[in-house]
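Colleague: Below are the structure tokens for one structure; questions will follow.
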Amino acid sequence: MYLPTEGRPRLLVTMGDPAGIGPEVVLKACAIRKLSERFSIRVVGRRCRLDQWSALLGIPLEVELIDPMEDAAEATAFSPGVSTPEGAREALACIKAAAEMCLSGAADAMVTAPVSKIAMTECGIDFPGHTEYLARLMRTSEYVMTFVVAGKRVGLVTTHLSLADVPHAITRALVLEKIRILDRGLREWFGVEEPKIAVTALNPHAGEGGMFGDEEATAITPAIADAVAMGIRADGPFPADSIYCGLGGADGPGAGFDAVLAMYHDQGTIAAKLWGFSEGVNVTLGLPIVRTSADHGTAFGLAGRGVADPGSIIAAVTLAGEIAEARARTA
């Protein structure tokens, strides 16, 4: 069983980059009584950093803290908004510790606060993003970065990749793989019995019969046909500038679909952020553990001012707990 004896999902929330807004939104979320009453929440972060943030903001940390670097050398002082290599390494240690606890069964889900990819890279860490790092850690290549906002969902075929490299990455096999993972995730994690997935085109106007590119004909359409032959309710390719209209509603090209599968990062995330920037959640489907994340960055320019909106991390905690509850019911 996934749930502890008291019946509450056990969630781990990482602090994110200690100089960004991660610690602030985490403290604010953990102070919400209805979350701590519904879920068993523990924060994974450096005690010295969170103590400083708690004092700065006047928000006590009211849940249990797990410090994966408690036995490490004393941390150097830091300033909110000023990224450091030390802070990047601390953030990575928290991610790794939380993931390993979930893999071992010591926790039911992890929620990640934002980190800085630039800071990670500058201190020699190969870190294209939480999603890719966790997939490598768990030795899997089968995952779908998925964004959830107010019941609307969009998954990505490619993630953190140069736009110039996207057409070469779009293959029949990759698109089919992502359709399969998204379909399975909708069934197993979101309780959608017969998911219907809209697959976007890569090119404008779905390629306009080959006038603007042939990826639709050579890769995307065949992949959709393969998925349909497997019993998956996939359709497309649809022009990406219109398929989001009506998604989750009764009118518009997206009406009747449970999720959209987009070909590249901004093709999906622009829609997700317009749906509701302060309530969006990033979910990694396909991993052996449940992982959700706030759908925003470190916002170093806001750090330390006390004005960061915790809406996204609250939504991420809530969704992680709900998925853990669903998994427990079907275990």
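Colleague: Just one of ALA225, ALA219, ALA255 is in the same structural domain as ARG172 (by TED's automatic domain parsing), among the aliphatic types (A, V, I, L, M) and modelled with pLDDT under 95; which is it?
Modeller: That would be ALA255, the only listed residue that is in the same structural domain as ARG172 (by TED's automatic domain parsing), among the aliphatic types (A, V, I, L, M) and modelled with pLDDT under 95.
Colleague: If the requirement is being within 19 Å of VAL290 (Cβ to Cβ) and either under 16 Å from the mean Cα position of the chain (by Cα) or buried (at least 16 other Cβ atoms within 10 Å of the Cβ) (or both), which of these qualifies: MET138, MET120, MET69?
Modeller: Values: MET120 fails: within 19 Å of VAL290 (Cβ to Cβ); MET69 fails: within 19 Å of VAL290 (Cβ to Cβ).
From the options MET138, MET120, MET69, the qualifying one is MET138.
Colleague: Continuing with the same structure: Kindly list the number of the only condition in (1) in a helix (DSSP H, G or I); (2) over 20 Å from VAL149 (Cβ atoms); (3) not acidic (Asp, Glu) that fails for ILE314.
Modeller: (2)
Colleague: Which residues, taken from region 110-145, are farther than 26 Å from GLY311 by Cβ, assigned to a helix (DSSP H, G or I) and β-branched (Val, Ile, Thr)?
Modeller: Matches in region 110-145: THR121 only.
Colleague: Next question, about the same structure. Quick test of your reading of the structure: LYS34 fulfils all but one of (1) surrounded by 17 or more Cβ atoms within 10 Å (Cβ to Cβ); (2) in a helix (DSSP H, G or I). Name the failing condition by number.
Modeller: (1)
Colleague: Let me ask something additional. Scan region 237-256 and tell me whether some residue there is more than 27 Å from ILE313 (Cα to Cα) and not in a loop (DSSP other than H, G, I, E, B).
Modeller: yes
Colleague: Quick one: ILE197 ticks every box in (1) in a helix (DSSP H, G or I); (2) buried (at least 18 other Cβ atoms within 10 Å of the Cβ) bar one, so which box is it?
Modeller: Unmet condition: (1).
Colleague: Now, a different point. Looking only at region 1-31, which residues are closer than 24 Å to VAL307 by Cα, assigned to a loop (DSSP other than H, G, I, E, B) and not acidic (Asp, Glu)?
Modeller: MET15, GLY16, PRO18, ALA19, GLY20, ILE21, ALA31
Colleague: Is there a residue in region 180-189 that is buried (at least 21 other Cβ atoms within 10 Å of the Cβ), without any contact (Cβ under 8 Å) to a residue 60 or more places away in the chain and of a type outside the set (A, V, I, L, M)?
Modeller: yes
Colleague: Anything in region 88-109 that is in contact with a helix residue (DSSP H, G or I) (Cβ under 9 Å, 6 or more places away or on another chain), crowded, with 16+ Cβ neighbours inside 10 Å and small (Gly, Ala, Ser)? List them, or say none.
Modeller: ALA88, ALA91, ALA99, ALA107, ALA109
The values are calculated or read from the model by the stated rules, or taken from the named source; none is laboratory data. These numbers were taken from a predicted model, which means no experiment stands behind them. Methodologically, a virtual Cβ is constructed for each residue, glycine included, from the backbone with ideal geometry; neighbour enumeration extends over all protein chains shown.
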